[in-house]
Every structure is written in structure tokens, then in C-alpha cells.
């Protein structure tokens, strides 16, 4: 039961998205995609290199879908789903997995909640059976609610409240997003988590934990026809729920200001900053813009070959770390981020100015044909490594389908990246990365108070 | 149909609250307070100095009560309520008022929407009859919605979008408030206002425009028993609506950061800043804290006798304007604000540092017995003038009753102010006015970009 904190999520998405390439459908066969009669979508990704299978269920419900004042309830279910059902005692599912040497976990994000197991193919039907059971048969007593609520409250205290960086990130997010619900932390606001109760939980479960709001992803040493038979035998028995309304959420108004959020804390040793902009996601962008933002992130700050790293870390030697990323796989508008921290005697303001200068250089002069080709090539290389990671393949399809995309979007993605031109990258930098309309978070040691 | 912008609201409340004193119940008789059978609350404030009467209906519905994604709908009703009903054509009510030489208006805020008329006492029943009619009998056609929606969109363009100060205020509010709905502008976000439709309007009207969600305030040359008879004859005929749930809204989490929001605009000639803190309101505060905040605002920055004015404008001569205020009459947590703008060659940063120094001085040394007595006395003096303003008396009762208070709260208010000690003022300054947990807005001329 892992909460996907923003950091973790970014790491996952950065990996997932950079692995896109020509052979996303594994060599072993075409990706299958179909619906069960009850509306549950299924994706099967054959991968016969090893006798393992990754089984995931993605619910199209995340923190950004929560009712007002009920923040944290989506993540709460990441916990509650491991409790007793009418058919199985709490812990029975976990034990069944560890008995066969498998592994499992779950995570929650703004747009989805997912549960996954990696096991031998012979155990797939058992996994499906357990997962289909807990989709509808959880026993949500007051006692269960109280116990798990204490767990998530403690999780918040240890992961957020005792961590200056996490505290800052929360308030930066809520400053960047002034209307769109990504401003609300996935784990929830403490005072609202404390009030979550059985009535809230039952209503949420009955509304969202339904086959017609779920996507099943099976990747591994399996045959799509057999997966279909097994899925019909297990998930197929779960009754379809009421149709859900389209996921139309409050939209972010245009930003007209430069915003800063500063946390000064005695526990911080090295100062750092990160600047964010609201930009379109794959789901909201005009054709080509999201792809250009991805390559902009790669060229500006994706790893050690990027402009930021080469200029600030290698050449000037003023930064201990710096980079940029674009968080593209989101249902609504998303963020583009740059960050940096000083090294040695360098000041934070020097690092920030140098990052700003690199952005200004792209806005003014664009990127070269050579670095664009190399950036595109890095996607292909990343893919070669990523193909060794079955769970990342599953994650990529699951995240895409849970944020408004489809299997074709995943498969066509490499070609869409290949089509991006240098002019398009310059254009998105000029259009979106405006300092007068940015949001910067500063994490400062105590002695730097007053910055 | 005036939108109470934040500025207007602040001015109103500053006036309303400073007019509190021993004789709030006018000399002419005791304030009467009763319920009609359908749940409508009535307050009658006799005031026989002149043959006029102020008639107000306050609905306990404001922008902070709006459904997610429907911002602006509360203020939309401030407009829609002037359209045709099943009994009267559009404009008929207005004409009836101007025919008898009366005046009328309406305003919307975070916690309420109010409609008022000032007329001769003989016209009171006619006013009640019109007002009771439009409480339930509006004809909300698609055509009416479209026409008035164009009006509010134009109102937003002219009042907010073409005014740098208003644009900044909006984004400062949404940065100060990260969860509580006061972050949403009363007029609404443009992209949501554009989508408001007949279905939204009918649902909103049917839910909130009901006698059991309204307060009638009648101040003037009237007898409470006669007002009661007239109210029963008019409003009393309107059927009670379904009970509304308690107005429990998302609560603001603790602020851990210092936040800034900067708007640089060529239309700005003189730079200015304002710093805000989240503080308790009269409705949420522990006993004594809101009263202490009110006197803190008065001593620190309430007018020309305040510390800020005397120090920055009179003594140092660095500010063209500076002050402080506390916006106490709110249903949920509210804000305490200080502001300033430089004069002559002084820099904005000098003014800000001088304001900070005055706050630090109160946090460290408190206030003197003499200035505390004088601040309290200013309330009494303000009252003497305010008693000439019948509509302000009505506003004071209406705002209090629409934000969780009652008639006794208004009447006991002067005594509660008198009890505040210097230690309590020092304590609230020390507890709430922390720069590391503040939100500052900067309005800068173009040439100061980068400030």
C-alpha cells in the first residue's frame, strides 16, 4: 500500500513515458483490448520471456474526483481494499500471494487508484478472483474505518508533516492550482481525513468501485483468449454499476501573476527551488503540444545530457542538481517543472538565474536539429531497457487508459514523438514558460530566513 | 445590482463594525426578532427620526456555498432576481420603487446575497409583496439565462479583467485560501460563468431561495407588530422549502509557508503591497480573539490615528497610504490585512519593512493602555455617526445573522469590545501575524519587473 507521492509519481511517469518506442506492443504478440459485458475494459499485453504475469486493476477514481471536504478518501480505499470481504478474511489475499512467491501493491494518484500483483501465470485466475471479490464485497464497519483511518493519519504525519519538502510541495501545489482539484493533496488534508467516516466510505465505494469504472491490465506470459475466459469467469460476474457522469472537473483560470511559496526550516541543510507552470496534458493539449513539451523537458532538463545539467553542473559547477520534467499523463491540465540546488559557495539565486537563462535561450533561439534527434533517440534507448520491466509496460497502458486515453494512443505515441519539430519546441517554451506567470517553491535553511 | 467586490465589502464591514456601540438598538424602541411559521427570520429595528424604512432580505447563500465548477451562480441570482416573475414583468418592481421616490439595490458576498429597498413606510407592504413574489416565482427561461449571463460576463470583463488590482486580488485570495472556498471569486471564474445554464439556475433557486433560508430586516419608521402582520400576509404565504444541511464547508489547513503573488502591469503607476493572514472570524474564534483582532486592526492601521499612518505617513513620510483591517463578519475563518504604497522617492520595500517593523513592535511590546482606550472610544464615536445611517444598521444585523450570529451577538458586541485587554491584543498579534506564514500581493509598474 504505497501512496504515490508527487515525487514517486513523477519518477514513475518519467520512466514510463521515456520508454515509449516502436515496439511497445511486446514482440510476443499484439496487445488485445476488449470490454466485458459489464463494461470492464481489458488490456492484455503478451510477454513470454519469463513465466510471470502482472495483473493490475485501475479504477478511474483519484483524489481529484473526491467530493468537497472529503480529501483523502480515494487514497483511504487503497488501504480499505486490503480488509475483509464477505468471502475472505483480512490478510488472506496477501497471504495467498506470498505463499506462491508473488508480490503485490497499490497506489493512488490524482486521476486513478490501482492495485497490482505479480505472480506465476497459473495463479492469475486466483488473483482475478480475489480482486473481483474485493471490488464489491468489502465489509466496511465502523471498526474497520476507525482502524485504517488511524493508519492513514499516521501515514500523513510521517510522510508529509514531518518532511519539510513534502509540506512545501503541498502548499506549492495548492498555489499553482487555484481552481483545478490537483491543488488538493492525494493523501488529503489532515482535518478532513480525521472526519472520514463509514457513510462517506460506503457511498464512495458504491459509486466508484464498479466494473464499468475499472480497467484490467494483464501483462506477461499469457494468451489473450485465456485471459478473456478467466476475466469473464471472475470479473464478468460482478454486476455493472450505475453509469457515472463524465469526469468534468473545475478548470484552472488563466494565471496572470508570478507566485512564490517559501518554507524556511531548521531541518533543511541545502536550499533548493522548483518553478512550475500550468501546461496542457496529453488529454487536454492541441495536437503536438504535449509531445513538444515532453521533448522540451528532455532537452532542457532530462538527465545528464540536458542543457541544464551540462551548463549548471558540468560547465559552471554551481549546482548540485538541476533538471526539468513534464508530467503529461494526466486527465486535466498539468505542470511543467524546473528545479535546482546550489553546490559549494554558489547561491540559490545564482542557480535560479542560470536556470532562467537556459529557458530564455530556448525561447529565443530554439533547439538544434542535433539535440532534437538525440532527445528523440533517448526515448528509443530508454524503451529497450524498459521492455525488461513488465510492470512498467502495464503501468503505461493503465495510466493512459485511466486518464482518458486508449490503447492506440499508447501505440502511436512513438510516432507522434518522432514528428515533433524544433519550431514546435521553441513555440511551447515561448508560450508556456513565462516567469511572470510561474509558481516557485523555495526550501530554505533557517539561517537563510528572509532570503 | 452591485457586486460586492472585496474592496467594497471591506469598506462596508469596516464601517459597519466600527459603528458598534451601546445604543445599537435605536433609541426608538427595542429590536424585535421573531420567526414566521415557514421559518423565515425577521428583525425589526425601530427608527422614527424620519418617515423612511429600509427593507432587506438576506439569503444565507453566497459564493462560498456554490457547487464545484459553478462559481458565479450566487452572484448570477443577484441579477436574475430582477427579471420577470409569474406575477410581474421584468422592471415592474424597479419602476414601482422609482415611482414613489425610493431606491433599491442588491449585493452578493461569500456568505450571503441580499436585496434591499428604501421607501416610505406606506410602501413597505408593496415591497414585501414584490420581494416575496420573486423569492419563488421567477421565470427562468433559456433566454433570460443567456441575456443575464452576457451581462455578468461583461461585468467580469470590466470590473476584474481590465483592472490589474482586481486581477491581483483574485489570485492573492486563491493563494491565501488553499482549501476554504473563499479562494473562489464572488463574481466567478470566467470559464465557469460561461457555462452556467438554466438547469443549474433552477436547481440553485429551488434549493436556496426559500423563506427558511432567508432573513428579513426592516429598519425605520415602523412598528414591529405591524411589520409582523405585513410579513405574515406576504412572506408568510410562501411555502417552507426542504431543510438545508448545516453550512459546513472545507476548512483551511494550517499554513506553513510564506507566499507571494506579483502582478507587473503597464497600467500600474504606483507600486503597492498587501499582506494577509488567515485568522478566526467572529463565528469561528475563541471568546475574545475576534474582538482583539478588531482592536488590533484599529490600533495598527485603522485610519489616521493608527500606528501605521502616524509612523509611515506622518513621521517618516515614506508612504502615500497604509493601513490594516480585520474582516470579522464571516461564516468561516477570515483574513487580517495590512497594506501600503510608497510616496516620493521611497521604495516599496522600505514601506513593507516599516509595516513589518510596526507589527513586530506590537508583538514584542504590546499596545499601551492609552491607545487601547482611544481605539475603543473610536468605536463609540463611529456609532454616533452611524446611527444616522439606517441602511448601515440594517446591514449590520443582516450580515451578522447571515454568518451564523444572532441579534444578541450584535447587541452585546460593544460590551465584548470594551472587555478586550492589551495583553489579548498582543497575544493575537503574536499568534497570527507571522511573516513566515503570510501571503503578500505585489502590484508593480512595468519598469519594476523582476523587483
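Backbone N atoms of the range B:336-370 closer than 17 Å to the 7 Å Cα→Cβ label point of residue B:447 belong to residues B:342-349.
Would you mind telling me the antiparallel percentage of the DSSP bridges in the range A:31-237, rounded to 5? Of the beta bridges lying entirely in the range A:31-237, close to 80 percent run antiparallel. Secondary-structure-derived ellipticity at 222 nm for chain B, considering helices only, amounts to -12500 deg cm²/dmol, per-run term -39500 (n - 2.57) for DSSP H runs with n ≥ 4.
Here the extension length gained between residue A:269 and residue A:232 equals 7.8 nm, from 0.36 nm per residue of separation less the Cα-Cα distance.
Counting only the Cα atoms, the protein assembly as shown fills a convex hull of 179 Å³ per residue.
What whole number of Å gives the distance from the Cα centroid of the range B:132-168 to the Cα centroid of the range A:69-123? If you average the Cα positions of each part, the centres end up 49 Å apart.
The shape of the range B:302-451 can be summarised by an equivalent ellipsoid whose semi-axes, obtained from the alpha carbon gyration tensor, come to 31, 19, 17 Å from longest to shortest. Here the Kirkwood formula puts the hydrodynamic radius of the range A:341-429 at 16.0 Å, using every distinct Cα pair.
You can think of it this way: the chain between residue B:141 and residue B:247 has 35.3 nm of extra reach, that is 0.36 nm per residue less the Cα-Cα gap.
Rounded, prolate or oblate: which one fits the range A:18-144, using the alpha carbon gyration tensor with axes a ≥ b ≥ c (rounded when a/c is under 1.5, else prolate when a/b beats b/c, else oblate)? Taking the square roots of the gyration eigenvalues as a ≥ b ≥ c, the range A:18-144 is oblate.
Between residue B:365 and residue A:418, the simple label model (points 7 Å from Cα in the Cβ direction) yields a spacing of 7.6 nm. Each other copy holds its own label point for residue A:419; taking that point as 7 Å from Cα along Cα to Cβ, the gaps run 7.2 nm, nearest first.
Taking the DSSP bridge list for chain A and keeping only pairs wholly inside it, about 75 percent are antiparallel. Using a 7 Å projection from Cα along Cα-to-Cβ, the label point at residue A:141 is separated from the same position in the remaining copies by 6.0 nm, smallest value first. Measuring between their Cα centroids, the range B:337-382 and the range B:407-451 lie 10 Å from each other. When peptides A:238-250, B:135-147 are ranked by their average number of other Cβ atoms within 10 Å per residue, the highest-first order is B:135-147, A:238-250. Partner shielding of B:439-446 amounts to 1, given as the average count of beta-carbon atoms from other chains within 10 Å of each residue beta-carbon. I need the shape label for the range B:124-192. Rule: rounded when a/c is under 1.5, else prolate if a/b > b/c, else oblate, with a, b, c from the alpha carbon gyration tensor. It comes out prolate by the Cα gyration axes. As a ratio to 2.2 N^0.38 Å, the alpha-carbon radius of gyration for the range A:75-220 is 1.14. Counting Cβ atoms of other protein chains within 10 Å of each Cβ in A:192-198 and taking the mean gives 1. Roughly what percent of Cα-Cα pairs across chain A reach past 42 Å? When all Cα pairs of chain A are counted, 16 percent exceed 42 Å. For the residues of A:166-175, the average number of beta carbons from a partner chain within 10 Å of their own beta carbon is 4. Shown for residue A:92: label points 7 Å from Cα along the beta-carbon vector, and their distances to the equivalent points in the other copies, 6.9 nm in ascending order. When peptides A:187-193, A:343-349, A:329-335, A:434-440 are ranked by their average number of other Cβ atoms within 10 Å per residue, the highest-first order is A:329-335, A:187-193, A:434-440, A:343-349. With the highest mean first, a sort of the peptides A:390-401, A:198-209 on other beta-carbon atoms found within 10 angstrom per residue produces A:390-401, A:198-209. Once the Cα-Cα distance is subtracted from the 0.36 nm per residue extended length, the residue A:304 to residue A:353 segment shows a gain of 15.7 nm. In this rough spin-label picture, where each label sits 7 Å from Cα along the Cβ direction, the residue A:103-residue B:49 distance is 8.0 nm. Backbone N atoms of the range B:70-104 closer than 14 Å to the 7 Å Cα→Cβ label point of residue B:206 are not found in any residue.
Since every read-out is calculated from the coordinates, none of them should be taken as a lab result. All values reported here derive from a predicted model rather than from experimental measurement. No Cβ is skipped: glycine too gets one built from the backbone with ideal geometry, and neighbour counts run over all protein chains shown.
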